[in-house]
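First the structure, in the form of structure tokens, and then the observations on it.
The values are calculated or read from the model by the stated rules, or taken from the named source; none is laboratory data. Keep in mind that this is a model prediction, so the values were computed, not measured. Note that each Cβ is placed from the backbone with ideal geometry, even for glycine, and that neighbours are counted across all protein chains shown. For the accessible areas, the whole protein counts, side chains as well, though only heavy atoms, and no ligand, DNA or RNA atoms are used. Shrake-Rupley method; radii C 1.70, N 1.55, O 1.52, S 1.80 Å.
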Amino acid sequence: MKRTAHQKGTRAAGARKAKPERNAYRIGARAALVCAVTGALGAACFYLPQLAFLLWFIPVPALALLFAESENRGRAARRRSIKLAAAFTLPFFFCSYLVGFTIDVYFSRPVMLLLDLALILVASLLQAIPQIAALCIGSRIGLPAAIRALAAALLWTGAEWLTTVGPFAFPVRSLAVSQWAFPSLIKTSALFGGLFISFIIILFASLLALSLSLQIRGTGFLRTAGLRSEESAVQTAALQHNELSATTAGSHSAELPVNAASLSDEKSPVITTRSRSGDFLVNAMSKPGAAKRRAIVFLISAFIVFFANITAGALATRGFAGPGESDNTLRIAAVQHNQPTTDDDSSRFSNALSQSADILEANDVDLLALPESTAQFVRGNWAMQTQLSALARRYEVDILVGGANRITDESAEDSGTQTRSASDKDGAGGAGSGIVNLNKAMKNGVLLENAVHLFTPDGGLADYYYAKQQLVPFFENGSIQKFSFFAGDRRGVFKTENGRVGALVCFESILPQIVRDTVNAGAEVILVPSNDAYLGEEIRTMHISQSVFRAIETDRAVVQAATNGVTAAAYPDGTLVQLPMNTADALIADVPLVDHITPYVRFGNLWLIIAIAALLAGAGLGRFLRKSGE
């Protein structure tokens, strides 16, 4: 059967239209690859601190693709936005956890490798999913482009805030944390907290991305990546319409259409229906220089934001003390006894006691800080108390020491665990006399408190002690082993002759709210007994890097005494002084005592709540006005 000229022309036009659809999946994978590579490179910044400033620029290509895609409307465009956001965030979090997230406790090596991988996958998904939603909603919200950059930054920051609250709080992969080696970039933490640095990073990158997306729109780049702006879609559809008209009517004089919706197909995986910029083609044709001018405005705005952050931080932290810059100081000896986790409690205590005596003999200090898990069950052990009291009295020094408390007898009796008191004849008087081994207590279901205790210069054991408020997810709540820690509900502030010392336990230093509450309760310096011996060196570094933010946020020195490292002192000006890991040593630090309250300590993350509320209200109002206008 012979085909007419009309049928031939229609078929040819259909073939030309089908080609992008046939290649959509293959070409779209290139855009996903760009996003995945930028995500993996961003993750590397957590482990290369001297190159971490590149994280301000690394997300730009992925965000540019996301903002370019956000110009398109329809269900297919929304799906593509989700895929682009996922292609960036999933590799970012997975790779950032993969290198450093290693745990070595209780299990054989193969089991631990499987457990590490499972925890990495779970942590990556839990953190990536809210961020995917934040990027998609922020980039596609029905507001002008500049406001969408602000929205993406605010919603990303809000998603990071979610990781700092609740029983599963574990904010170790905040964008801000990667910048700890550049104090000048993070000093606005004193005004708005560490989350503000993450906000500034995404806002800066989003403004650069908007500038880039305007430059690449209408070029072959988006088409190569499998994404086309509405302008490109309209031009393609217009060309096809004119060619089809010429074939059917023998004329090439068909007028160029001015409405994208009349030409594009909502079901197409490439061409979508509506542009949030109005009649994109008419704008592009009538104002050819407008896109370039807007791109320059976005570029300049990005660097204004960058330098405004540095200037505001410098002004906010004037007078924040570094090493040797304060007249009112407390001299602390933070002990790193470097005892393996396989050592039993009695030998760990005995070695730490001997090392402490040598340190105090050689140094005149006001306070001795011993790591977490050094003096287990000290309140039920007269022999241990006697030795620590004698040390404090001999050198006239306050001693803060970490050690678990056994707070109930019922679970131990039910499981058959036999605990010993100081009056037991067996072994009385020895260094480990009366000590209940922590691992044994854990495995037999004893209810514990992870606590910090104070011995005073007169040899007394203070009645008040601090119990850890935020337990490590899964590890300290009985999910992995048959034990459970009981969370405390009091702030840890010890009043000593030399000042008010705030105490946290281990990973609590990564939670800004607990540190804020401790400072508001009167702490003039923060002490963190820690035990990171079961973690890899990379995540130990990430742990101590958070102390830099806590010091700037609160204008308080933060001193960490860790079993195997990192033992360090973070000063309010952002300086970090630390010992090498896996060595037996002590850090002697003269740290400032401060009673000043920073804006962040006073107001916390109130700025973020107000900003997100205003954003959502503006988006809702804009939607209402658009519907009313229709």
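If packing is taken as the mean number of other Cβ atoms within 10 Å per residue, what is the order of 80-91, 29-40, highest first?
Numbers: 80-91: 23.5, 29-40: 19.2.
Per-residue Cβ counts within 10 Å, averaged per peptide and sorted highest first, yield 80-91, 29-40.
I'd like to check one number: the per residue accessible area of the range 495-629, probe 1.4 Å, reported in Å² as a whole number.
Values: 4580 Å² over 135 residues.
Value returned for the range 495-629: 34 Å² of accessible area per residue.
Around residue 360, what is the net charge, scoring Lys/Arg as +1 and Asp/Glu as -1 over all other residues with Cβ under 13 Å from its Cβ? Show your work: numbers first, answer last.
On the way: positive: 331, 393, 394; negative: 358, 361, 364, 366, 396, 398.
In short, -3.
Determine, from the Cβ-Cβ distance of residue 311 and residue 358 and an R0 of 56 Å, the FRET efficiency 1/(1 + (r/R0)^6), rounded to the nearest 0.05.
For R0 = 56 Å, the calculated efficiency reads 0.75.
Relative contact order for the range 59-212 using alpha-carbon pairs under 8 Å, separation at least 6, rounded to a whole percent?
Working: 166 pairs, mean separation 43.4, N = 154.
28 percent.
Considering only protein heavy atoms and a 1.4 Å probe, what is the carbon-and-sulfur percentage of the accessible area of the range 322-376?
Working: 750 of 2120 Å².
Ligands and nucleic acids excluded, carbon and sulfur reach 35 percent.
What ranking, highest mean first, results for peptides 323-329, 393-399 when packing means the other Cβ atoms within 10 Å averaged over each residue? Don't skip to the end; give the middle numbers.
On the way: 323-329: 14.0, 393-399: 18.7.
Averaged packing, sorted descending, gives the order 393-399, 323-329.
Be a star and scan the range 170-209 for residues whose amide nitrogen sits under 13 Å from the point 7 Å along the Cα-to-Cβ vector of residue 596.
190-191
On average, how much accessible surface per residue is there in the range 152-191, in Å², for a 1.4 Å probe, leaving out ligands, DNA and RNA?
Details: 1090 Å² over 40 residues.
About 27 Å² of surface per residue is accessible.
Give the peptides 570-581, 60-71, 463-474 in descending order of average Cβ contacts within 10 Å, highest first.
Values: 570-581: 20.8, 60-71: 26.2, 463-474: 18.8.
Top of the packing list down: 60-71, 570-581, 463-474.
Let me cross-check residue 627: its accessible surface, 1.4 Å probe, with only protein heavy atoms counted, in Å² to the nearest 10?
Surface accessible to solvent at residue 627 totals approximately 120 Å².
Zone of residue 628 (label point 7 Å along Cα→Cβ, backbone N under 19 Å): which residues in the range 135-150?
Counting only backbone N, you get 142-144.
What accessible surface, in Å², does a 1.4 Å probe find on residue 538, ignoring ligands, DNA and RNA and rounding to the nearest 10?
Probe radius 1.4 Å; accessible area of residue 538 about 80 Å².
Please give the length that would be gained between residue 577 and residue 520 if that part of the chain were fully extended, namely 0.36 nm times their separation in residues minus their C-alpha to C-alpha distance (nm, one decimal).
Details: separation 57, 0.36 × 57 = 20.52 nm, distance 2.53 nm.
So the chain would gain 18.0 nm between residue 577 and residue 520.
Evaluate the distance, in nm, between pseudo-label points positioned 7 Å from the Cα of residue 37 and of residue 290 along their respective Cα→Cβ axes.
Taking the simple label geometry, residue 37 and residue 290 are separated by 3.3 nm.
Putting +1 on Lys and Arg Cβ atoms and -1 on Asp and Glu Cβ atoms, find which of 583, 521, 613 reaches farthest to the positive end of the dipole of the range 516-630.
It is 613.
Please report the Cα spread of the range 103-195 along all three principal axes, rounded to whole Å, starting with the longest.
55, 32, 22
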